[in-house]
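Nothing in this text is a laboratory measurement; each read-out follows from the coordinates by a stated rule. Because the structure is a prediction, the values reported are computed rather than measured. A quick note on method: Cβ atoms are made from the backbone with ideal geometry, for glycine too, and the neighbour counts reach across all protein chains shown.
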Amino acid sequence: MSPTLEFPGMVQGLAAALGAGLLVGLERERRKGESRERNAAGIRTFSVASLLGALAQSLNVQLQQPSLVLLGGLMVMLLGVFSYLRSLQRDPGVTTELALFTTYVIGVLCAVAPLQGGGLAVVLAGLLASRTQLHRFSTRVLTEAELHDGLMLAAFSLVALPLIPPGPLAALGGLNLRQIALLVLLLLGMQAAGHVALRAFGERAGMVLTGVFGGVVSSTATIATMGAKARHGELPARAALTAAVASTVATWTQAELILLTQSPELAWHLAAPAALGTLMAAAGTLTLIWHATPDAGPAGPVAGARVLQLREALLVAGALAGVSWLVRAASQWLGPEAVVASASLSGMVDAHASAAALGGLYSSGDLDLATAKVGVVAVITANSVSRAVVAASAGGRQFALPVAATLLSSAAASWLGWWLTRAL
């Protein structure tokens, strides 16, 4: 028995196709001009093309005649070719002609899936209407370096990542290259988000965002850099201090994101310590924001500035892999009781690598939940002490005191969160 469209369904499809054609055609009508040389396709042409597609598909379903859809598509394509040749000297673009054929295909879809067809019509109309903004963004706002790095990020996520074999590799001591690649992608994505935020906001918010997204790559490096800049007068002391303290906000956030790639269950059990630790770090940042440099408006692109720091992201991922292997080896050689101590010592250098190692051990069943939770909080605490020492050595006593106070209060809040949820 051949499939048939019920009358109400057919009417709904035709109505959706008419609405889609009117929506896209309205936008094109505003672009076609008023002179005798105006574009041939406007609101009526687009509406008829969409209705033609829906009607052809409805008859195809009723009579099993796919040639009707092909014939209608051929007619619309020939009309687009005629319109293009007619306007070639005045406007060599083919946007309207492509949009006309796309509207016909949307009409075909509306006959069997009105909701999806209507949604695509909205997307198409929005894309056509945003011509000026898209042209300005691609030619004036987006820099060459930003375009290059955006393509690199897309290639890494859509081409390189799927080619990496999943699962642990015995030749690499049980390391999972796919998880490491996901961490690199996460770091690159956070770098890109930080760059966009810095371009969008002014100087005061920019220093806070510099610290937060710098902390995503390395809070220790951000604190050391800001301390040195404040000591040598390269940045106002208050602005450098604000960025340094803001970098501590990213510590638990990044730890939780990394744990989600290793062990989502452990990340969930650490939600309370992470939330309290992050809130305390944010409170320390808020006390300094109001004293930062007055807002200077959105920042423009810096000549030669890169969006993505691939080398830094690879170094962080390499550290994650190395520490993960060391902690796993300590667990096998010395037993689970040595894991927290070895992870805490490694956390003095890189907290997120040690946290990822503990997450991997828990996910593989080599570590129980209670030990893994204590271990991650201990790792963050050890790293907080290490960063306080770095702040003192890089920026001096006046710079280090607010940074150390924020770090230690955040660590104390994390332990409070662990204590409140230790039985869960």
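Observations on the structure shown:
- Sorted by Cβ density within 10 Å, fewest first, the residues V69, V385: V385, V69
- Label-to-label distance for T421 and V122 is 3.6 nm, based on points extended 7 Å past Cα in the beta-carbon direction.
- When Y84, Y104 are sorted by how many other C-beta atoms sit within 10 angstrom of their C-beta, beginning with the fewest, the order is Y84, Y104.
- Among S354, S67, S219, S58, a tally of other beta-carbon atoms within 10 Å of each Cβ gives an order, fewest to most, of S67, S58, S219, S354.
- Under Karplus coefficients 6.51, -1.76 and 1.60, residue-wise ³J(HN,Hα) of the range 384-398 in Hz, glycine/proline x: 5, 4, 4, 5, 5, 5, 4, 4, 5, 6, 8, x, x, 5, 5
- FRET E, pair E265, Q398, Förster distance 41 Å, beta-carbon r, rounded to 0.05: 0.40
- Compared with the direct C-alpha span, the chain from L161 to D368 gains 71.4 nm at full extension, assuming 0.36 nm per residue.
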